[in-house]
Amino acid sequence: MAKSLSARNIVKHYGGVVALSDGNLDVHTGEVVALIGANGSGKSTMSKVINGVVVLDAGQLLLDDKPVNFSSPQAAKNMGIATVFQELSLIPQMTVAENIWLTREPMTGFGTVNRSAIKEKTEQLLSLFRGTYKTELRPDDTVGSLPPDEKQLIEILKAISFNPWMVILDEATASLDSRQVERLFELIGDWKGTDKAIVFISHRMEEIFRIADKYSVLRNGKTVGAGDMKDINDKELVKLMIEKESVFSFSRADSKNDKKDKPICLEVKDLQTDSLHGVSFSVHEGELVGIGGLRGQGQRDLLLSLFGDIPYSGVISIFGNAIKLRHPRDAMKRGLALIPGDRAREGLLYIRSILENLILPSWAQYGFPLRIGKAKKDAEQAGASLNLKMAGLAEPVSSLSGGNAQKVVLGKWLMRRPRLLLLDDPTKGVDVGTKAEFYTLLTRLCSEGKTILFYSSTDEELVGMCDRVLVLYDGIIRTELSGASLTKENLIAASLGASNEGAV
């Protein structure tokens, strides 16, 4: 049975910040609508209005052309609307089955939880992504033990477990590998054929053009364009989003220079962890060196070991001095900083203020009791240098858009004036406008003598931004690409283990 939902002239304020001023969206069963916009444009607020997480200030929701008001997420679920949020809602201490069926457990005729039914239903759901898990997932596996991509899959299964007619996917592919994305897209095709509607939020243009039937673009809280995907191209979409085509082709290529005459900032010899099997390389002062390869080849272990967060063997030297990193504070004392891409779990305290988050790694330098005036001044300077859009330092960091929240993650570490920055996919889930600001900032930091080790899941970023790229494959550096050999084609080939060009 065909169904539809329309958002008309939606308005929503958060204090003095206008999240939506004229948001519009039309969704029908049997189609995928891409909800597109820069961070802070209102995409997440629009989805939260639709699923009852926030109450609109003005405007109207129409379900099958009839006015409706979702006073809570449960009210939206009761009407068949499910959402897969970018920030996961899973409880780490609980099992896969417990997370999926929490508060909706099948019951026996005696009023007790029907555990056999839960197990059977969970196994049916898990089978939808069979072949994409690192190891076969079971209903009684603890969610906290799973890698990020598999947690995202559980979040998706949780959303579809009550057979909704409409599913909102908010950056649901950001943590998934290529096999998982392929399978999700197959499922979306199946869902369209069974009269489901999909709202697809993503910053990956190739995914949007591949999966979406229609688009709706938000800019500064207003819907500025909508139509069929076949009638628009990627550059036109970007222009609608930010009104600046220059961001689309941003590249640091003109800023790349040979840094071999500079001193070696970081030298690594025979680094080994559970995922790394003898990694050796060096990075010169002022260099921006990329870490490439398919997800899960040891990139995260490399960054975490350099930050003292996981055990390792081998030798790590900073400016010629061999050091042993047993804890992140050891790395911090030596001028290292780790900027994670998973800001919700590793980067921010969402219930605390922007000020508290910015000064967290540096609070000791402000004394006890805290010299709040000095802290505010430094935080304001950091925010200004990053073009941080906020209502004020006292606002909770949860009030920020995804891109501005990620600026806080970066800003809090820049306040420590580090010598070596370790970046763990920092632009994941960030819009093209904010990405361009990040790229410009990284170029400036390198020109100031900072050294950057930069993991990215986006090939274009590595090719466009980095002086060199170290490609990890099965826990070793299979290839080093630089100069003329640093192309997307060579990077993809090396990531797949198909090329020996530039091998280290």
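Structural remarks
- Tallying residues that are surrounded by fewer than 22 Cβ atoms within 10 Å (Cβ to Cβ), touching a strand residue (DSSP E or B) at 6+ places or on another chain (Cβ under 7 Å) and not aliphatic (A, V, I, L, M) within the range 163-201 yields 4.
- Within the range 284-401, strands (runs of 3 or more DSSP E) holding 2 or more residues that are within 27 Å of the chain's Cα centre (by Cα), aliphatic (A, V, I, L, M) and surrounded by 18 or more Cβ atoms within 10 Å (Cβ to Cβ): 288-292, 336-340
- Filtering the range 108-132 to residues that are part of a loop (DSSP other than H, G, I, E, B), modelled with pLDDT of 90 or more and farther than 30 Å from H28 by Cβ leaves N114, R130, G131.
- Pair list, Cβ < 8 Å and 6+ apart or interchain, from the range 147-165 residues that are farther than 16 Å from E136 by Cβ to residues that are acidic (D, E): P148/D342; W165/D195
- Beta carbons closer than 8 Å, at least 6 apart along the sequence or on distinct chains, pair a first residue in the range 353-371 that is more than 19 Å from L338 (Cα to Cα) and touching a residue at least 40 places away in the same chain (Cβ under 8 Å) with a second that is of a type in the set (A, V, I, L, M) and assigned to a helix (DSSP H, G or I) for S353/V397.
- Check on S47, over 24 Å from G189 (Cα atoms) and in contact with a strand residue (DSSP E or B) (Cβ under 7 Å, 6 or more places away or on another chain): no
- Residue within the range 454-465 that is outside the structural domain of S385 (by TED's automatic domain parsing) and over 29 Å from G37 (Cα atoms) present: no
- Filtered by the rule that a residue be touching a Lys or Arg at 6+ places or on another chain (Cβ under 9 Å), at pLDDT 90 or above and within 26 Å of G341 (Cα to Cα), the range 55-91 gives A82, T83, V84, L90.
- Test: F162 is under 28 Å from V430 (Cα atoms), among the aromatic types (F, W, Y) and modelled with pLDDT of 90 or more: no
- If the condition is being assigned to a strand (DSSP E or B) and among the hydroxyl-bearing types (S, T, Y), then the range 261-283 contributes S280, S282.
- Against the conditions (1) closer than 22 Å to V84 by Cβ; (2) at pLDDT 95 or above; (3) in contact with a Leu (Cβ under 7 Å, 6 or more places away or on another chain), I201 satisfies every one except (2).
- Just so you know, in the range 475-492 the residues that are at pLDDT 90 or above and β-branched (V, I, T) include one that is nearest to S282 (Cα to Cα), and it is I477.
- Evaluation of Q74 against (1) of a type outside the set (G, A, S); (2) in a loop (DSSP other than H, G, I, E, B); (3) surrounded by fewer than 17 Cβ atoms within 10 Å (Cβ to Cβ) (one fails), failing number: (2)
- Within the option set V68, V11, being touching an Asp or Glu at 6+ places or on another chain (Cβ under 7 Å), surrounded by fewer than 18 Cβ atoms within 10 Å (Cβ to Cβ), of a type in the set (A, V, I, L, M) and more than 23 Å from E171 (Cβ to Cβ) holds for one residue only, V11.
The values are calculated or read from the model by the stated rules, or taken from the named source; none is laboratory data. Just so we're clear, the structure is a prediction, and the values are computed from it rather than from any experiment. Positions of Cβ are backbone-derived with ideal geometry, glycine not excepted, and every protein chain shown enters the neighbour counts.
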